[in-house]
1. Could you look through region 28-46, keep only residues that are outside any helix (DSSP H, G or I) and of a type in the set (Asp, Glu), and pick out the one that is most open to solvent (accessible area, probe 1.4 Å)?
2. Got a number for residues in region 1-27 being open to solvent by 70 Å² or more (accessible area, probe 1.4 Å) and either touching a Lys or Arg at 6+ places or on another chain (Cβ under 9 Å) or among the aromatic types (Phe, Trp, Tyr) (or both)?
3. When you go through ILE206, ILE226 one by one, which is the residue that is touching a residue at least 12 places away in the same chain (Cβ under 8 Å), in contact with a Pro (Cβ under 8 Å, 6 or more places away or on another chain), surrounded by 16 or more Cβ atoms within 10 Å (Cβ to Cβ) and not in a helix (DSSP H, G or I)?
4. Does LEU157 fit the bill of being within 16 Å of the ligand (Cβ to nearest atom) and either in contact with a helix residue (DSSP H, G or I) (Cβ under 9 Å, 6 or more places away or on another chain) or at pLDDT 90 or above (or both)?
5. Could you list all residues from region 159-173 that are in a helix (DSSP H, G or I) and surrounded by fewer than 18 Cβ atoms within 10 Å (Cβ to Cβ)?
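The values are calculated or read from the model by the stated rules, or taken from the named source; none is laboratory data. Computed from a predicted structure; not experimentally measured. Don't worry about glycine lacking a Cβ; one is built from the backbone with ideal geometry, like all the others, and counts go over all protein chains shown. Just the protein is used for accessible areas: all its heavy atoms, side chains included, with ligands, DNA and RNA removed. Shrake-Rupley method; radii C 1.70, N 1.55, O 1.52, S 1.80 Å.
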Amino acid sequence: MKNALVLNPRVRRDIQTRTDRILRELGNPEPPLSLDVVRELLRLDRDYFTSDSDGLLKAVVSKLKRGGIQILARPMILFEAVKKFDLRALYLPDRRRIMIDDSIPKPKHRWLEAHEIGHDLLPWHHEMMLGDDSVTPTPSTHDKMEAEANYAAGSLLFFGDRFRDECRQCCANLKNAQKLQKRYGNTITTTLWRMIEYSGEEQPIIGAIGQHPGDIGNGPSFRHLIPSMAFDHNFNIHDPNELILAIRDYCRPNGRGHLGKGEIILSDRYSRRHLFDFETFYNGYDALTIGVHRCALATVVAAC
Ligand SMILES: [Zn+2]
């Protein structure tokens, strides 16, 4: 399970300045954003590779050779990167080319493509992406780069402050995420993720993405935990399995759509107890959970 890295406000602002410039150069279009137009502006190509076991490397090699010229100067570096990081998409800055694993479900391609565009927009990623041994990223640098490329993808696909303002005008919940998903043409997963990032700058919110709670065995089942900035400052999930069990308690055991809602108590970093409103939705791929801070529990006692 990955705990999503929370970027500091200065880095967020820097990234959004770059994505805002792209939107301006495109004449501030209305959502949904066409990534074809963004690639055209940035003069980026897009290609696909297949990741079925051995087929992956062979397919990449054949594609790289197909043009009659050696597209990548050092192909082994690409293979190592694909294997090492279990990549679903690649960005080759020296060739201005984005490559996407075509075995990934189609609805996820849009985010992958925007993520790779994000690497292109952040110049300090370029030398790392070339795979030069002297600057090969350490695991923590790699995680930070991934978080930055994700933030850039979100800023582009959700039009920076526009989505932020819309999130602030409504409550962070699944119903509003579904409404905004349609308007911006992105998946419910990325919409909810972005909503947590924006709505949760001051409000503690925790999101979770993983398998259907009814399918949970003994192992951990969150693929991602998404703490908002305010959650990250004040809370820490010590035992994700405990949270999974609490979520499973309020969810119906099978089926798609809205699975249920419930109250869960979480402790902050000073061991004070807080009440969160949780709800979970299953879209056929992932179970999406959002937990929004309602109040500190002492406040409830005082109010009674
Ligand atoms: Zn990446």
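1. My answer is GLU30.
2. 3
3. When all the criteria are applied, what remains is ILE206.
4. Here the answer is yes, as LEU157 does meet what is asked.
5. Matches in region 159-173: ASP161, ARG162, ASP165, ARG168.
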